[in-house]
1. Taking R0 as 35 Å, what FRET efficiency do you get between TRP35 and GLU141 from their Cβ-Cβ distance, rounded to the nearest 0.05?
2. Tell me, in nm to one decimal, what length is gained between SER72 and LEU133 on full extension, where the rule is 0.36 nm per residue of separation less the Cα-Cα distance?
3. Suppose every Lys and Arg Cβ carries +1 and every Asp and Glu Cβ carries -1, with no other charges. What dipole size does the chain come out with about its Cα centre, to the nearest 20 debye?
4. Quick one: net charge of MET166's neighbours, Cβ under 13 Å, K/R +1, D/E -1?
5. On a full-extension model of 0.36 nm per residue, what is the gain between ALA48 and LEU15, subtracting their alpha-carbon distance, rounded to one decimal in nm?
6. Summing -39500 (n - 2.57) over the DSSP H runs of n ≥ 4 in the chain and dividing by its residue number, what mean residue ellipticity at 222 nm do you reach, to the nearest 500 deg cm²/dmol?
7. Pull out a ≥ b ≥ c, the square roots of the eigenvalues of the alpha-carbon gyration tensor of segment 63-137, then state rounded if a/c is under 1.5, prolate if not and a/b is larger than b/c, and oblate in the remaining case.
8. What are the ³J(HN,Hα) values, in whole Hz, obtained from phi via the Karplus relation 6.51 cos²θ - 1.76 cosθ + 1.60 with θ = phi - 60°, for each residue of segment 52-57 in sequence order, with x given for Gly and Pro?
Amino acid sequence: MPHASTSDSSADSILVSSIASQSDADAFRALNEEWISRLFTLQAEDRAVLGDPSGRIVGPGGDVLMAREPDSGTVIGCVALLAYPDGVFELAKMAVAPAAQGRGIGRLLVAAAIDRTRTLGGARLFLGTNSRLTPALHLYEDAGFVRIARDRLPVADYYARADVLMELDLGRSAP
């Protein structure tokens, strides 16, 4: 079931839907391991989440959204929504295949994640990113995310590489 589309002509035909198979789980892991390993260090928590998206993300009330090419169904991007108590969700593990970057897939995934969070009953969506990822920062700011202090996180131990923390209050509209 598609969750989103966009008016950006390069991403118009991209389908975004929930994780549905082991091959989706494998693509989720591979896309994320590629960029995390290239830019940072893959941590034990990364491996745990990427190795069991059904048990670590979907089972506890979250979702993993997959962006697919319309003709082939090839997964070219993904984003996870991790559920926390009190209607709080984390936007995490967003990745776009290098060959598909620059087509608006990231923007499409963020919009789909926001919509899906609302569907799941979310009131607040947070994320952690890195100041080196300038395009990602602009993408999140364009979607309405604002910077927050670490003490706003629902978890004490959070990724060391996340030096920028942001949230979106789903009670207010994105610009």
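Rule-based calculations on the coordinates, nothing more; no lab input. This structure is a prediction, so every number in the text was calculated from the model and none was measured. Quick reminder, even Gly has a Cβ in these numbers, built from the backbone with ideal geometry, and neighbours come from all protein chains shown.
1. Working from the Cβ atoms, E equals 0.95.
2. Roughly 19.0 nm would be gained on extension.
3. In debye, rounded to 20, the chain gives about 240.
4. So the surrounding residues net to -2.
5. Between ALA48 and LEU15, full extension yields 9.2 nm more.
6. For the chain, the value works out to -9000 deg cm²/dmol.
7. Taking the square roots of the gyration eigenvalues as a ≥ b ≥ c, segment 63-137 is oblate.
8. Whole-Hz 3J(HN,Hα) from phi for segment 52-57: 8, x, 5, x, 8, 10.
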